[in-house]
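Let me begin by presenting the structure, written as structure tokens, before commenting on it.
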Amino acid sequence: MFITFALITLLGALGMLLQKNVVVAGLCMVAAFFGVAGLFVLLANPVAAALQIIVYTGAIMVLVLFVIMMLSSHQEEEAAVSHPVQRWLSVALLAVLAFGAVNLVLASPGVKALAVKGAEMPQAMTLQTVGTNLFADHLLGFEVAGLVLLAAMIGAVALTKRNL
Amino acid sequence: MDKLASLLHTSPATAWMVAKLVIVFGGVFSLAALWTWVERRGAAMIQDRIGPNRAALFGKIKIIGLAQPLADGIKFFFKEDLVPHDANKALFWLAPFLALVPALMGFAVIPFGRSFVSGGHEYHLALLDPGNGMGLLYPLAIGGMAVYGVLVAAWSSNNKWSILGGMRSSATMVSYEIGMSLAVVTIFMTAGGYDPSEVIKAQGHLPWAWNVVRQPLGFIVFFTCMFAETNRLPFDFAEGESEIVAGFNVEYGSMKFSLLALSEYCHLMTASALIATLYFGGWQVPFVQNPSVLLSVASFLVKMLFFAWVFVWIRWTLPRFRYDQLMHLGWKAMLPMSMVNLVFHAWRMSQGH
């Protein structure tokens, strides 16, 4: 199961990078999101899987594809001047980021929890636990995220509607 | 069930799972096919016509035209399968499946009858057993995926009318999803759980305790949003004969068109099942405390098919909205109503303690 979902995720991500057609690339990204949702289910977190599909594939990617189709520029534009320095710099940055991320994940307590078997195995996540965690332990972060989203929304309205 | 399982050399759980798969997917699919006939007969009834009544089995047995879906299916299979020259071939082939698979999958979590115990095993009448952790988030997630069938079909045909249809309908689906989700969240809140079995249990067997009476506003919002989500009239902006030829499926023919059309009816079935589960007590039989399993299944089917009929009824009663009216209704009526519903019930629950 893990191999299947991991392959879906990786192939989707690769397809998204390599496809010249922007709409097909977007659909590959949807496949990658689906693979990630499957991985969430395998990690006994069906709530995260459902939210992943609702938020990312169901809403955000639809809007992204929507904009791409509206603009109807389906082929990627070639860069006018190629900057090999930029490319190498981005590769190096990406490598550093990836290394840091992998290190963080391997050092987190969650990895040790995966080895626990039997009765002490952590329970599957439910919506109730997510809710209590969000509003009891991480209230400040939640409110800040809400405020940032609100600001982004107001900004979008102000940018697109000049004569309110 | 035990005997059958031992005959097939599997465990009862596996045999039951396979049986449920066949029942649910076969049932929804054949009901969807049947509903194409119900739709045409219903339209004829409402418009004072006769409708399809000529199709007969073996040229003899005419059961009020019930063989029509079969005849349609055979005809679709033998039609020429055209792909437009400038279409994106791979996506053009993929689109009918992208439309059909989510439509069929959405039903998996809905309990269509009471759980029962037989031979020491508990059998649940839903594909995903209660306590799977996804609960009613699952049909919402899968319902959100339905947009891709329409979008991909519209874009891959490489036809400006189909793209217009796809754009309109995907915008509709995304905007109505918010109001719908907030209505469902209110139910999660009052039921104290998000598993369909918990939602059904919280409603009980008395009709005045069902969510439709407790949350009439939420019901109106959810019911309206379901029309937008299933792409049915008065909100079927994927299509529009007078404006954009036929809409997102204008380039489709033969079995591919049939799949796109059937997926709409599968959606309709899932939507009516959701309405029955969320607002009308699911498989609960009015005034019967502990109904037998068959009675509960029958009760669920009656509720579901009634709402499926309401979808047909409304399609032939109301004209199509204009696009801006639809967006006004979605953002300026449905979303605030849903919000009011949510805040009101949250306030009532906070007063209750």
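Remark: pairs (first residue in the range B:62-75, touching a residue at least 24 places away in the same chain (Cβ under 8 Å); second residue among the basic types (Lys, Arg); Cβ separation under 9 Å; 6+ apart in sequence or on different chains) = B:65/B:40; B:65/B:41; B:65/B:54; B:68/B:40; B:68/B:41; B:68/B:54. Please determine whether any residue of the range B:146-165 is among the polar types (S, T, N, Q) and under 27 Å from residue B:22 (Cβ atoms). Scanning the range B:146-165, I find no residue that is among the polar types (S, T, N, Q) and under 27 Å from residue B:22 (Cβ atoms), so the answer is no. Could you figure out which of (1) of a type in the set (Gly, Ala, Ser); (2) surrounded by fewer than 20 Cβ atoms within 10 Å (Cβ to Cβ); (3) facing chain B (nearest Cβ under 8 Å) isn't true of residue A:50? Looking at each condition in turn, residue A:50 falls short on (2). Any residue that is under 20 Å from the mean Cα position of the chain (by Cα) and either modelled with pLDDT of 80 or more or not in a helix (DSSP H, G or I) (or both) - is there at least one of those in the range B:73-92? Taking every residue of the range B:73-92 in turn, none turns out to be under 20 Å from the mean Cα position of the chain (by Cα) and either modelled with pLDDT of 80 or more or not in a helix (DSSP H, G or I) (or both).
Inspect all residues belonging to the range B:126-136 and state whether any of them is in a helix (DSSP H, G or I), at the interface with another protein chain (Cβ under 10 Å from one of its Cβ atoms) and not basic (Lys, Arg). No; the residues of the range B:126-136 include none that is in a helix (DSSP H, G or I), at the interface with another protein chain (Cβ under 10 Å from one of its Cβ atoms) and not basic (Lys, Arg). If the condition is being free of Cβ contacts under 8 Å to residues at least 40 places away in the same chain and of a type in the set (S, T, N, Q), then the range B:133-171 contributes only B:170.
With respect to residue B:179, determine if the residue is assigned to a helix (DSSP H, G or I), more than 30 Å from residue B:290 (Cα to Cα), among the small types (Gly, Ala, Ser) and more than 12 Å from chain A (Cβ to nearest Cβ). For residue B:179, the condition - assigned to a helix (DSSP H, G or I), more than 30 Å from residue B:290 (Cα to Cα), among the small types (Gly, Ala, Ser) and more than 12 Å from chain A (Cβ to nearest Cβ) - is met. Mind checking whether some residue in the range B:195-202 is within 11 Å of another protein chain (Cβ to nearest Cβ), under 22 Å from the mean Cα position of the chain (by Cα), assigned to a helix (DSSP H, G or I) and under 29 Å from residue B:264 (Cβ atoms)? No, the conditions are met nowhere in the range B:195-202.
Does residue B:97 satisfy the criteria of being away from chain A (no Cβ under 14 Å), surrounded by 14 or more Cβ atoms within 10 Å (Cβ to Cβ) and within 17 Å of the chain's Cα centre (by Cα)?
no
Residue count for the range A:55-70 under the criterion of being under 12 Å from the mean Cα position of the chain (by Cα) and facing chain B (nearest Cβ under 8 Å): the result is 1. Being surrounded by 24 or more Cβ atoms within 10 Å (Cβ to Cβ) and under 21 Å from the mean Cα position of the chain (by Cα) is not true of residue B:261.
Every condition in (1) assigned to a helix (DSSP H, G or I); (2) more than 11 Å from chain A (Cβ to nearest Cβ) holds for residue B:152 except the one numbered (2).
Among the residues of the range B:199-249, the ones that are of a type in the set (Phe, Trp, Tyr) and either surrounded by fewer than 17 Cβ atoms within 10 Å (Cβ to Cβ) or touching a strand residue (DSSP E or B) at 6+ places or on another chain (Cβ under 6 Å) (or both) come to 1 in all.
Return yes or no: is residue B:302 without any contact (Cβ under 8 Å) to a residue 60 or more places away in the chain, in a helix (DSSP H, G or I) and of a type in the set (Val, Ile, Thr)? Walk me through how you get there before you give the answer.
Details: without any contact (Cβ under 8 Å) to a residue 60 or more places away in the chain: yes; in a helix (DSSP H, G or I): yes; of a type in the set (Val, Ile, Thr): yes.
Yes: the conditions hold for residue B:302.
Residues that are surrounded by 19 or more Cβ atoms within 10 Å (Cβ to Cβ) and of a type in the set (A, V, I, L, M) were ranked within the range B:186-198; the one that is modelled with the highest pLDDT is B:187.
Just name the residue that is modelled with the lowest pLDDT out of those in the range B:209-252 that are among the polar types (S, T, N, Q) and outside any loop (DSSP other than H, G, I, E, B).
Filtering first and then ranking leaves B:242.
Check B:5, B:19 and return the single one that is at pLDDT below 75 and surrounded by 14 or more Cβ atoms within 10 Å (Cβ to Cβ). Just one listed residue meets the conditions, B:5.
Only one entry of B:312, B:285 meets the criterion of being among the β-branched types (Val, Ile, Thr) and closer than 22 Å to residue B:203 by Cβ, and that entry is B:285. Scanning the range B:155-176 for residues that are more than 8 Å from chain A (Cβ to nearest Cβ) and small (Gly, Ala, Ser) yields B:156, B:157, B:162, B:165, B:169, B:175.
The values are calculated or read from the model by the stated rules, or taken from the named source; none is laboratory data. Since we're looking at a predicted model, the values are computed, not measured. Using ideal geometry, Cβ is built from the backbone for each residue, glycine included, and neighbour counts are taken over all protein chains shown.
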